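Report on the following structure.
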Amino acid sequence: MGNSRVEILVGVFLICGFLALGWLALRLGEVPWVGASKSYTINAEFTNISGVKSGADVQVAGVVVGKVRQLELNKDRRALVTMQVDRSITIPVDSVASVKSQGIIGDKYIQITLGGDEQPYQPGDTIVDTESAVDLESLISKFAFGQVK
């Protein structure tokens, strides 16, 4: 009889632990129906995102405000970058998204230079004013073979 009571207590403890772990996973994963989301998604369209990877930083004035979530080709054969950005950051419609590098051979990230317009991008909108990655290899080969004008 005493043995079954211990088994019931262990079972209740395990169930409570799994429920707490599930709740924590939903909160950290920012599932929209579990509390208010702290971030939103916004897209940017580039001609070249060479070196940018999923999980790369999104920065405003050197401060990390989000992460790159997805990279894909859109119907116009341009690179579409989906970014998860902190909800406290409003991005005016005249802002510019650029592919930047941490040093000469460092990791690539997306830099957003905020504009001055009063109208902000809405979640899910696409930033079309962008500056693509500079391809150092092609620049060096053009210089080496005398094709730079």
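Points to keep in mind about this one:
Yes or no, residue by residue, for (1) of a type in the set (D, E, K, R); (2) at pLDDT 90 or above:
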| site | (1), (2) |
| --- | --- |
| Gly2 | no, no |
| Gly11 | no, yes |
| Cys16 | no, yes |
| Gly22 | no, no |
| Ala25 | no, no |
| Val31 | no, no |
| Lys38 | yes, no |
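- Scanning region 78-94 for residues that are outside any strand (DSSP E or B) and modelled with pLDDT of 90 or more yields nothing.
- Just one of the listed residues (Val85, Val64) is closer than 15 Å to Ser39 by Cβ and open to solvent by less than 30 Å² (accessible area, probe 1.4 Å), namely Val85.
- Whichever residue in region 95-149 is within 25 Å of Gly55 (Cβ to Cβ), at pLDDT 85 or above and not in a strand (DSSP E or B) and, among such residues, is least open to solvent (accessible area, probe 1.4 Å): Ser95
- Filtered residues of region 114-129 (kept if under 13 Å from Thr90 (Cα atoms) and among the acidic types (Asp, Glu)): Asp117, Glu118, Asp125
- If you go through region 37-61 and keep only what is open to solvent by less than 30 Å² (accessible area, probe 1.4 Å) and in a loop (DSSP other than H, G, I, E, B), you end up with Ile49, Val52, Ala56.
The values are calculated or read from the model by the stated rules, or taken from the named source; none is laboratory data. Owing to the predicted nature of the structure, the values given are computational and were not obtained by experimental measurement. Glycine gets a Cβ as well: all are built from the backbone with ideal geometry, and neighbour counts include every protein chain shown. Each accessible area value is taken on the protein alone, full model and side chains, heavy atoms only, with ligands, DNA and RNA left out. Shrake-Rupley method; radii C 1.70, N 1.55, O 1.52, S 1.80 Å.
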